[in-house]
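**Q** Sharing a structure below in structure tokens format, with a few things to ask.
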């Protein structure tokens, strides 16, 4: 049985994990460039943890410039098994109010300026993202949220937009009414796709800051109001994360949903036709298969 190592990628407002034993910021080199920042490692309740601020400390990366491939590679390289993404989002649903959390289980990817795969010419692979999040990990996040007294909604579709601007009113109405999205954000894609390629269990916790621009009584997105809600959500997010080690445990059986075996039949390029340069770059994310 493997050992659990929980990775947390923190979004806007969440820049650290409290209470880590042996806490240390570690610099990780990857063949995909530098991650967003050094990674905070340590132990919490007997379980190894790794925390990466998605935008970097000081919020230096925009949603489009976050080095998504380097981030996922670095966490995989450190031996992480389970990845929880925590991010600020807008809501398309009246019942999903600012301050609530949503355990996302589906995505609509509207990003266009980002590298979305570790694979490509020289080594072709196709993984399934029909169910892009891990139900086991999502269940643990829901339980942790409830235990922390957070109003949480289980299940929801996350519309990933490129940004950095917020939606127009017409876009907001379309995403809500025609496309059936529940929340909107700028960072979970291609993060979720890359986590699947790296055979990491992935869960997305959306921390709602606003109602986007569709809401008749909300008006356009107000950054000042968002920041105020963001700070409260960050405290809730830390409380949720602090409860995960006890729920997931130090011993980790194989994922019952196959997230940790996503590459089993995904690589199509024959071994003698694979590009050695690309194969060397895949040593961490696809090392089990190559």
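**Q** Within segment 57-93, track down each residue that is in contact (Cβ under 8 Å) with a residue 60 or more places away in the chain, more than 13 Å from the chain's Cα centre (by Cα), closer than 20 Å to residue 167 by Cα and assigned to a loop (DSSP other than H, G, I, E, B).
**A** If the condition is that a residue be in contact (Cβ under 8 Å) with a residue 60 or more places away in the chain, more than 13 Å from the chain's Cα centre (by Cα), closer than 20 Å to residue 167 by Cα and assigned to a loop (DSSP other than H, G, I, E, B), then 62, 64, 92, 93 are the ones that fit.
**Q** Need at least 1 residues that are crowded, with 21+ Cβ neighbours inside 10 Å and in contact with a helix residue (DSSP H, G or I) (Cβ under 9 Å, 6 or more places away or on another chain) per element, so show me which helices (runs of 4 or more DSSP H) inside segment 121-223 make the cut, counting only ones lying wholly within it. Outline the logic, then answer.
**A** On the way: elements: 135-147, 169-173, 191-197.
Because the criterion is at least 1 residues that are crowded, with 21+ Cβ neighbours inside 10 Å and in contact with a helix residue (DSSP H, G or I) (Cβ under 9 Å, 6 or more places away or on another chain), the helices (runs of 4 or more DSSP H) in segment 121-223 that meet it are 135-147, 191-197.
**Q** Picking from 262, 266, 225, 284, which residue would you name as being under 25 Å from residue 71 (Cα atoms) and in contact with a strand residue (DSSP E or B) (Cβ under 9 Å, 6 or more places away or on another chain)? Reasoning before the result, please.
**A** Working: 262 fails: in contact with a strand residue (DSSP E or B) (Cβ under 9 Å, 6 or more places away or on another chain); 225 fails: under 25 Å from residue 71 (Cα atoms); 284 fails: in contact with a strand residue (DSSP E or B) (Cβ under 9 Å, 6 or more places away or on another chain).
Selected residue: 266, the only one of 262, 266, 225, 284 that is under 25 Å from residue 71 (Cα atoms) and in contact with a strand residue (DSSP E or B) (Cβ under 9 Å, 6 or more places away or on another chain).
**Q** Follow-up question, since we're still on this one. Being in contact with a helix residue (DSSP H, G or I) (Cβ under 7 Å, 6 or more places away or on another chain), in contact (Cβ under 8 Å) with a residue 60 or more places away in the chain and buried (at least 18 other Cβ atoms within 10 Å of the Cβ) is the requirement here; does residue 248 meet it?
**A** Numbers: in contact with a helix residue (DSSP H, G or I) (Cβ under 7 Å, 6 or more places away or on another chain): yes; in contact (Cβ under 8 Å) with a residue 60 or more places away in the chain: yes; buried (at least 18 other Cβ atoms within 10 Å of the Cβ): yes.
Answer is yes for this residue.
**Q** Moving on to the next point. Tell me, please, whether a residue that is in a loop (DSSP other than H, G, I, E, B), more than 20 Å from residue 229 (Cα to Cα) and under 18 Å from the mean Cα position of the chain (by Cα) can be found in segment 99-110. Quick ask: steps written out before the conclusion?
**A** Start the filter on segment 99-110 by keeping residues that are in a loop (DSSP other than H, G, I, E, B), which leaves 99-100, 105, 110.
Next, from what is left, pick out any that are more than 20 Å from residue 229 (Cα to Cα): 105, 110.
Within this subset, residues satisfying the condition of being under 18 Å from the mean Cα position of the chain (by Cα) are 105, 110.
There is at least one residue in segment 99-110 that is in a loop (DSSP other than H, G, I, E, B), more than 20 Å from residue 229 (Cα to Cα) and under 18 Å from the mean Cα position of the chain (by Cα).
**Q** Let me ask something else. Of all residues being touching a helix residue (DSSP H, G or I) at 6+ places or on another chain (Cβ under 8 Å) and in a loop (DSSP other than H, G, I, E, B) in segment 38-47, which is surrounded by the most Cβ atoms within 10 Å (Cβ to Cβ)? Just the residue, please. Even if it seems obvious, please write down each step before you answer.
**A** At the first step, the residues of segment 38-47 found to be touching a helix residue (DSSP H, G or I) at 6+ places or on another chain (Cβ under 8 Å) are 39, 44-47.
Those still in the list that are in a loop (DSSP other than H, G, I, E, B) too: 45-46.
Details: 45: 16, 46: 11.
Ranking the candidates gives 45 first.
**Q** Would a scan of segment 15-37 turn up a residue that is surrounded by 16 or more Cβ atoms within 10 Å (Cβ to Cβ), touching a residue at least 60 places away in the same chain (Cβ under 8 Å) and outside any loop (DSSP other than H, G, I, E, B)?
**A** Among the residues of segment 15-37, not one is surrounded by 16 or more Cβ atoms within 10 Å (Cβ to Cβ), touching a residue at least 60 places away in the same chain (Cβ under 8 Å) and outside any loop (DSSP other than H, G, I, E, B), which makes the answer no.
**Q** Here's a follow-up. How many residues, within segment 111-134, are within 24 Å of residue 161 (Cα to Cα) and in contact with a strand residue (DSSP E or B) (Cβ under 9 Å, 6 or more places away or on another chain)?
**A** Looking only at segment 111-134, we keep the residues that are within 24 Å of residue 161 (Cα to Cα), and these are 111-120, 126-134.
Filter again for in contact with a strand residue (DSSP E or B) (Cβ under 9 Å, 6 or more places away or on another chain), leaving 111, 116-119, 126, 129, 131-134.
Count: 11.
**Q** Let me ask something additional. How do the pairs read when you match residues in segment 259-276 that are under 15 Å from residue 134 (Cβ atoms) with residues anywhere that are modelled with pLDDT of 95 or more and part of a helix (DSSP H, G or I), using Cβ under 8 Å and keeping only pairs 6 or more apart or on different chains?
**A** What qualifies is 259/196; 262/196; 262/197.
The values are calculated or read from the model by the stated rules, or taken from the named source; none is laboratory data. All figures in this text were calculated on a predicted structure; none of them were measured in a lab. Methodologically, a virtual Cβ is constructed for each residue, glycine included, from the backbone with ideal geometry; neighbour enumeration extends over all protein chains shown.
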